[in-house]
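Below: the structure, in structure tokens.
The values are calculated or read from the model by the stated rules, or taken from the named source; none is laboratory data. Since the model is a prediction, treat every value here as computed from it, not as a measurement. Please note: Cβ atoms are built from the backbone with ideal geometry, for glycine as well, and neighbour counts cover all protein chains shown.
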Amino acid sequence: MGKKTSCFVESIDPKEVLILMNAVYFNGGWKKEFQLSGTKEDSFKLPDGSSKQVQMMSQSGTYEYLQEEGFQAIRLPYGQGQMDMLIILPNESSSLGALHDKLWADPDRWYKSFQSSRGEIKLPRLKIEYSEMLKEPLKAMGMTLPFDEIHADFSDIAPVPPNLFISAVTHKTFIEVNEKGTEAAAVTSVQMAGASAPIDEPFQMAINRPFFFAIEDRQTGVWLFVGSVVEP
């Protein structure tokens, strides 16, 4: 994943003596690929009420699907099915904020299997990059000592002087979703200086407004990547 990490090399300060990097990379093909012929231009509603035109993929089949008050959820498997993308879409009368409250109030419920149901899914192509400096958020959470130039103690890593301290923490994430599958990467750099009722009729799930997603390992239950998409 050289292209994804090259930005860190370019931004190295000559005063920095140590960089710790943690990287996660995922590249999975859909168990059932979306057909290019089924991709059409369609509208995606933005949080401010406006809309933009996106390339909307579509397919029909049998999926793990859940519909409850306020949202729809679906799992789209990769490869042999050990990995999948979980997508949770708030109803038009609800919101992404309300969905987040429901998500984190009881996260264990989302690791359970959904009912197998027939239906149609419409999903926009995605290509998103996210970058954030985490020094100030970490300090606000109480992690202050490692950033202190005088009192930070990393003597087990390197002899003193010079005194080592964390000068920056940078997190970058990339995800691309298309007809063939999903590519995702995340790099963190530390620089020192309930079941639903059976569904008889085929469901329709058009992901044409902000939604939540997670790339998950069904064997371990681990969410490797999570995020909310407000604008594809």
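Details
- Only one of the numbered conditions (1) more than 19 Å from the chain's Cα centre (by Cα); (2) surrounded by fewer than 20 Cβ atoms within 10 Å (Cβ to Cβ); (3) not acidic (Asp, Glu) is violated by residue 63, and that is (2).
- Of the residues making up the stretch 59-83, just one is more than 19 Å from residue 111 (Cα to Cα) and touching a Phe, Trp or Tyr at 6+ places or on another chain (Cβ under 7 Å), namely 59.
- Filter pass, residue 84 being in a strand (DSSP E or B), of a type in the set (D, E, K, R) and under 18 Å from the mean Cα position of the chain (by Cα): yes
- Residues located in the stretch 1-60, provided they are assigned to a helix (DSSP H, G or I) and at pLDDT 75 or above: 36, 37, 38
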